[in-house]
1. Rank by packing, highest mean first: peptides 223-229, 76-82, with packing defined as the count of other Cβ atoms within 10 Å averaged across residues.
2. Cα-based Rg (one decimal) and Dmax (whole number) for the chain, in Å?
3. Just the ratio, please: alpha-carbon radius of gyration of the range 113-207 over 2.2 N^0.38 Å, N its number of residues.
4. Could you tell me what percent of the DSSP beta bridges with both partners in the chain are antiparallel, to the nearest 5?
5. Please state the equivalent ellipsoid semi-axes for the range 20-158: what are the square roots of 5 times the Cα gyration tensor eigenvalues, largest first, in whole Å?
6. Taking other Cβ within 10 Å of each residue's Cβ, how do 277, 198, 218, 36 sort, fewest first?
Ligand code: NAP
């Protein structure tokens with residue numbers, strides 16, 4: 001593979017940025033990758049494990065001369081980070097991000113993008129419940145979707161094509177989507193399921209009649225998957241719900257209605273309704289496996305989880 005950008009800067013050095021670094025290096029997709037994280041501890045860890053060709057002491061130093069800057073911090077922190085880098089961006093550079101929510105990120109970041117710099121938001125649909133600089137691995141994006149979500153309809157086609165080439169080089173399948181639709185789709189496929197997992201684990205925690213040891217001991221079934229999801233980074237997910245409020249509330253409303261319908265079916269003994277419902281959901285699961293987005297292995301192939 002060949003170099004897509006001479007210099008890439010990664011701002012925030014957690015799971016996504018570190019996975020990007022290893023994938024970029026594996027593919028020889030950039031000449032140099034600089035990195036910055038706000039805490040000295042994270043920067044020290046990054047240097048120790050060889051994460052980034054150069055770990056910088058400031059946002060300004062990291063983005064200086066970069067052809068591509070990728071903001072990899074929680075979505076609520078993206079606006080202030082963009083403001084900090086604003087005066088130091090190279091003319092003609094591209095600023096992108098990896099945030100799980102797009103509309104609010106665009107609103108927060110776009111005002112800080114100077115004239116002559118391209119802003120092309122993106123979101124990799126890949127992750128694990130782990131976070132921090134040591135959690136990344138080069139294969140994270142392989143055969144996963146990367147959604148490019150242009151902030152404006154007149155996004156520079158050449159800049160979009162280059163960003164696409166970088167993500168394809170990292171193994172991702174790339175699609176383009178508009179911000180409102182992105183936030184609704186993700187509310188269905190990721191955000192609301194996470195909220196439900198957090199709730200279910202919280203409920204089990206509240207049920208004092210079921211002891212902690214029983215929850216742990218007998219959690220080989222569905223609950224185990226809930227606990228994995230509910231172990232996800234609290235800051236990241238707090239920001240997701242605060243910034244994708246409308247879409248999440250809409251889906252949550254529908255979820256609650258369906259739950260009441262199932263609750264009623266259980267109370268009234270309506271086995272046909274339950275059977276039909278579960279038949280429909282089973283077909284969705286099969287569709288996901290056929291689309292190559294999960295495996296039918298008994299442990300869901302989740303030695304390295306996906307989201
Ligand atoms: P992570 O592993 O928790 O790393 C977050 C990084 O952001 C750390 O370097 C942290 O710095 C920095 N950071 C946190 N709060 C900050 C603030 N207020 N100001 C400046 N920097 C801050 O996170 P991640 O999982 O890589 O997620 C990064 C982004 O990717 C998020 O926007 C998330 O929505 C998106 N995303 C995540 C996943 C996933 O499954 N994890 C999937 C797709 C997209 P310190 O280490 O110095 O604290």
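Values in this text are rule-based calculations from the coordinates and carry no lab data. Bear in mind the structure is a predicted one, so any value in this text is a computation, not a measurement. Note that we place each Cβ from the backbone using ideal geometry, even for glycine, and neighbour counts take in every protein chain shown.
1. The densest-packed peptide leads the list: 76-82, 223-229.
2. 20.9, 67
3. Normalised Rg, Cα atoms only: 1.34.
4. Of the beta bridges lying entirely in the chain, close to 10 percent run antiparallel.
5. That gives 22, 18, 15 Å for the three semi-axes.
6. Details: 277 15, 198 18, 218 11, 36 29.
Least crowded to most crowded, the residues run 218, 277, 198, 36.
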